[in-house]
Amino acid sequence: RILKKYSLRFGMSIIDYCFMPNHYHFLIRQDSEKSISQFINVFFNAYVQAVNRQQRRQGILFEGRFKHVFVDKEEYLVHICSYIHLNPVKAGLVKNPEDWLYSNYLEWIGERGGEIIDQNFVIEWFDNPEEYRKFVMEGLHTEKLNIKISQYVWD
C-alpha cells in the first residue's frame, strides 16, 4: 500500500519489483519532474516507520544509501525484469518465480491482480502472459543474461 501511495504521489511507474530477505530490486520509470531519489527516500522512510510501529521497535532497517543505475539501453529492460523476478529462485528461496509472493511476477503472468504494475509496459513487450513466463524460464538456464545486464544490477 505504501509503495502504491508514494509511486502515485511522485509520478513513478513501478515496472518491476522484488523484495528479498536482505535486499530489494525495483525497476522504476520516472514519469514526472520529481526525482527517483526523492521518491525512494520518502517511500522508505514511511515504510520503516510502518514496520517499526507494527513490530514495536525503533531504529533503521536498511544500511547505507540505495544504489541506482540509469538504464540506457531499451533492449535490456525486459532482461532486467527477468533478472529481478528470478532473484528468489537463484538465491535458493523458491524453485519457481511464481512461488515468491514478494514480487510482481504474478501480475506479469496474469495470476494475481495487482495495482503496482505498469500494464502498458508489459503489453508493449509481450503479447501475452505465457510469453513472458517462457522468457523468464529461459533466463533461469542462461548465464548470458547475467553477463548482458551486469552493468545494471548488483548482487
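The values are calculated or read from the model by the stated rules, or taken from the named source; none is laboratory data. As the structure is a computational prediction, the values presented were derived from the model and not from experiment. Don't worry about glycine lacking a Cβ; one is built from the backbone with ideal geometry, like all the others, and counts go over all protein chains shown. Just the protein is used for accessible areas: all its heavy atoms, side chains included, with ligands, DNA and RNA removed. Shrake-Rupley method; radii C 1.70, N 1.55, O 1.52, S 1.80 Å.
In this structure Tyr102 has an accessible area near 130 Å², from a 1.4 Å probe over the protein heavy atoms. Residue by residue, the range 122-127 carries 3J(HN,Hα) couplings of 4, 5, 4, 9, 9, 5 Hz when phi is fed to the Karplus relation 6.51 cos²θ - 1.76 cosθ + 1.60 (θ = phi - 60°); x denotes Gly or Pro.
Residues within the reach of a label modelled at Leu140 (point 7 angstrom out along Cα to beta-carbon, backbone nitrogen below 18 Å), restricted to the range 70-90, are 79-90.
Taking packing as the residue-averaged number of other Cβ atoms within 10 angstrom, the listed peptides 61-69, 106-114 run from highest to lowest as 106-114, 61-69. Averaged per residue, the chain has 63 square angstrom of accessible surface, using a 1.4 angstrom probe with ligands and nucleic acids left out. Ellipticity at 222 nm from helices only: DSSP H runs of n ≥ 4 in the chain, each -39500 (n - 2.57), divided by the residue count, give -14000 deg cm²/dmol.
Label positions at Tyr102 and Glu63, each projected 7 Å from the Cα along the C-beta direction, are separated by 1.7 nm.
Taking label positions 7 Å along the Cα-Cβ direction at both Glu74 and Arg9, the computed distance is 3.3 nm, reported to one decimal. Per the 1.4 Å probe, what fraction of the accessible area of the chain, in percent, lies on carbon and sulfur atoms? Roughly 49 percent of what the probe reaches on the chain is carbon or sulfur.
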